[in-house]
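Report on one structure; see the data block that follows.
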Amino acid sequence: MSKLARRAWFAYVLATAMLIGVIVIVFRYAVGAQDWVPFQSDGMILDRSGTALLDKTDGKSELADSPAVRASMIHILGDTQGYISPYLLNEYGDEMSGYDRITGTRHADGSYGKMQLTVSAYAQEAAVNAFNGQKGTVGVYNYKTGEILCMVSSPNYDPRSMPDVNGDPDTYEGVFVNRFLHSAYAPGSTFKLVTAAAALEELDGIENRVFHCEGSAKIGEEVVICNAVHGDIGFNDALCKSCNVAFAQIAQELGAKKLSEYADLFGVAKSLSFDGFRTQKGNFDLSGATTFEAAWAGVGQYTDQINPCQYMTFMGAIANGGEAALPYLVESVRFGGEEQYHVERRTGGRILDRQTADELAEMMHYNVVNNYGEWYFSGLHAGAKSGTAERGEGQNPNALLAGFVQSEDYPFAFVVIVEGGGAGSTACTPIIRQVLDACIVAMNS
């Protein structure tokens, strides 16, 4: 090959490499240029009614006036010490800065970002006060729209006066974790809703079946223990009184494969993603499970795990005829006079036949009327299921309550978990009453 030909070939290779490099740079700029910019977090974050939760304008750096509201928001907005990430500012930093790929950021013109959240400061404060230092979490959302009105993880603290977390580990265990989004809990008897839904669709005549409970029953090679001796008990009352014997027998009849199919359909072990958050996955794995273990899983024990946020959306689907909106926190972001972001509402698709959802919703309403008490749910048409989940020897069980309100004005789905709270209804109903009352006020504002 002549020297001229070699030089031409080298020039061709070099030009090709440069062209590929330019294409790569342009592509990376197009899809991720905002990640190259050190955004300032100047701006305001407001609750659904316009209450300032964070104000970083004109050189200020101010939080809400109420200590309880400030504490309620640390797992959403982060804290001033940097122990908890400011997820929303990280996710919407470009929109809050008015970033444009052509002109760059526009702080120089005196404008600032304004983020509108769906949560209510009033409901957040009510939740913190209702927990009164207990560990756990509560969430309430509008299953028609997806708006989260309340999302509180406890313990928490006022970021203006951070306590000695390391000096009091019992009180502040897991304080930096958002339990609502990033934890998974044994569901206890709240999981019987999954088993009940599967039974309604797969077992003919289940509504008219009568089970017999003597306080225990042999399933496979082991014995299921119930919380009481229920005698002869129908399907409705088996859910209302949380009869382990009846639901273990139902789970055994459904079988591990069918239970797993429904757990997957309802998203029990799946993760949700919104506004820069990704929820912790749950767990429902019956691979290699014995007959007893599969039945015990259908009761809500064995290795079952649920994420509170994900399970809340399941409650919304039951209340809403089998399909519910997916949750979100950020309604919109504006910079100056221009809207940079507005939420696109999404649904999780149909996960239940409408008739099945309506039947299960009525069973849950039956629980409220005949067990928990309608007064705990602001006198509205509500459905709920409580649970008590064992944590191990020497520890009080976790208390859980999951449910909904069926109302055109207040279409709420909710989850409450009190760690070490004992009986689900006893520990959780006083909390949800205060939070629902506050959410109703927020919707009316």
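For the reader, a short list of remarks on this structure follows.
- Members of segment 385-427 that are within 19 Å of the chain's Cα centre (by Cα) and at pLDDT below 90: Ala389, Gly424
- Contacts under 9 angstrom Cβ, first residue in segment 64-87 being under 13 Å from Ser154 (Cα atoms), partner open to solvent by 20 Å² or more (accessible area, probe 1.4 Å) and aromatic (Phe, Trp, Tyr), 6 or more apart: Val69/Tyr122; Ile74/Tyr83; Ile74/Phe176; His75/Tyr87; His75/Phe176; Ile76/Tyr87
- Any hit, segment 357-371, residues being free of Cβ contacts under 8 Å to residues at least 12 places away in the same chain, open to solvent by 70 Å² or more (accessible area, probe 1.4 Å) and at negative phi: yes
- From the options Ala325, Ala382, residue that is closer than 30 Å to Ser49 by Cβ, under 20 Å from the mean Cα position of the chain (by Cα) and without any contact (Cβ under 8 Å) to a residue 60 or more places away in the chain: Ala382
- For Thr313: the one exception among (1) modelled with pLDDT under 95; (2) in contact with a Pro (Cβ under 7 Å, 6 or more places away or on another chain): (1)
- Residue identified as of a type in the set (A, V, I, L, M, F, W, C), in contact (Cβ under 8 Å) with a residue 24 or more places away in the chain and either within 30 Å of Gly50 (Cβ to Cβ) or in contact with a Pro (Cβ under 8 Å, 6 or more places away or on another chain) (or both) among Phe335, Phe284, Phe266: Phe335
- Reported count of residues in segment 316-356, each being out of contact with any helix residue (DSSP H, G or I) (no Cβ under 8 Å at 6 or more places or on another chain), open to solvent by less than 60 Å² (accessible area, probe 1.4 Å) and outside any loop (DSSP other than H, G, I, E, B), is 4.
- As a summary of the residue check, Pro430 satisfies the conditions (1) over 23 Å from the mean Cα position of the chain (by Cα); (2) over 28 Å from Asp275 (Cα atoms) except for the one numbered (1).
- Residues of segment 200-228 satisfying the condition of being open to solvent by less than 30 Å² (accessible area, probe 1.4 Å), within 28 Å of Gly422 (Cβ to Cβ) and in contact with a helix residue (DSSP H, G or I) (Cβ under 7 Å, 6 or more places away or on another chain): Phe211, Cys213, Ala217, Ile219, Val224, Cys226
- Candidates Ala361, Ala324, Ala319, Ala357: the one that is under 21 Å from Ser273 (Cβ atoms) and touching a Gly at 6+ places or on another chain (Cβ under 9 Å) is Ala324.
- Matching residues, segment 138-160, being of a type in the set (S, T, N, Q) and out of contact with any Leu (no Cβ under 9 Å at 6 or more places or on another chain): Thr145, Ser154, Asn156
The values are calculated or read from the model by the stated rules, or taken from the named source; none is laboratory data. All values reported here derive from a predicted model rather than from experimental measurement. Glycine gets a Cβ as well: all are built from the backbone with ideal geometry, and neighbour counts include every protein chain shown. Quick note on the areas: whole protein, heavy atoms, side chains included, nothing else; ligands and nucleic acids left out. Shrake-Rupley method; radii C 1.70, N 1.55, O 1.52, S 1.80 Å.
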